[in-house]
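The values are calculated or read from the model by the stated rules, or taken from the named source; none is laboratory data. None of these values were measured; they are calculated from a predicted model. For neighbour counting, all protein chains shown are included, and Cβ atoms are generated from backbone atoms with ideal geometry for every residue, glycine included. Side chains included, ligands, DNA and RNA excluded: accessible areas come from the protein's heavy atoms. Shrake-Rupley method; radii C 1.70, N 1.55, O 1.52, S 1.80 Å.
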Amino acid sequence: MSTSAEPHAAGAPLTLYLVKRLELVIRALLDDALRPLGLTTLQYTALTVLQASGPLSSAQLARRSFLRPQTMHEMVLALENRGLIARTPKAGNKRVLLAGLTDAGQAVLAGCAPAVAEVEHALLADLSPGQRATFREGLQHGVTALGALSELRRSQES
């Protein structure tokens, strides 16, 4: 596979390694910040996906939350038992249950906002507005490019 990416300086870590390290630090900080609110980072992510998208099936929620369907199924049950989400049959296909955020789920997310904002602020604090925009654009480009690669590979496996 050819690439137009510039080679790394001798001894410099791969960009993928740096992104993974960033993810691990963010997850640890968010887990610590969300624990007093009774959520894990993965649960918070699932709730924010539902907040942004509206009701989804467990399979859709798993894909958008970057989790395996089995893991999401267990999480959906836990969030439903806590009253943070409710599942209702999909119109036209009663076998598909759509998970949606409840008022209690909205309230929990609102309570999480200050803790999450603190982590986001710490990440971006020393960057100028232009650097922040460039950083976000680069991350979004990476998500888009690797998402396309993932889709291509899945389609080739079918």
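Results, tabulated for the structure shown:
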{"item": "Potential extension, residue 110-residue 132 segment - 0.36 nm per residue separation minus Cα distance", "result": "5.5 nm"}
{"item": "Contact order normalised by residue count of the chain, Cα under 8 Å, 6+ apart, percent", "result": "18"}
{"item": "Restricting region 50-158 to GluC sites (Glu not before Pro) in coil, as DSSP defines it, with at most 11 other Cβ within 10 Å", "result": "none"}
{"item": "Surface per residue (accessible, 1.4 Å probe) for region 1-88, Å²", "result": "67"}
{"item": "Per-residue [θ]222 nm for the chain (sum of -39500 (n - 2.57) over DSSP H runs n ≥ 4, rounded to 500)", "result": "-22500 deg cm²/dmol"}
{"item": "For region 70-77, 3J(HN,Hα) per residue [Karplus equation, 6.51 cos²θ - 1.76 cosθ + 1.60, θ = phi - 60°, Hz, x = Gly/Pro]", "result": "5, 5, 5, 4, 5, 5, 4, 4"}
{"item": "Rounded percent of accessible protein surface that carbon and sulfur make up, the chain, 1.4 Å probe", "result": "59"}
{"item": "Acute angle (nearest 10 degrees) that the helix 41-53 long axis makes with the longest principal axis of the chain, alpha-carbon atoms", "result": "80"}
{"item": "Gyration tensor verdict on region 64-141 (Cα atoms; rounded if a/c is under 1.5, prolate if a/b is larger than b/c, oblate otherwise)", "result": "prolate"}
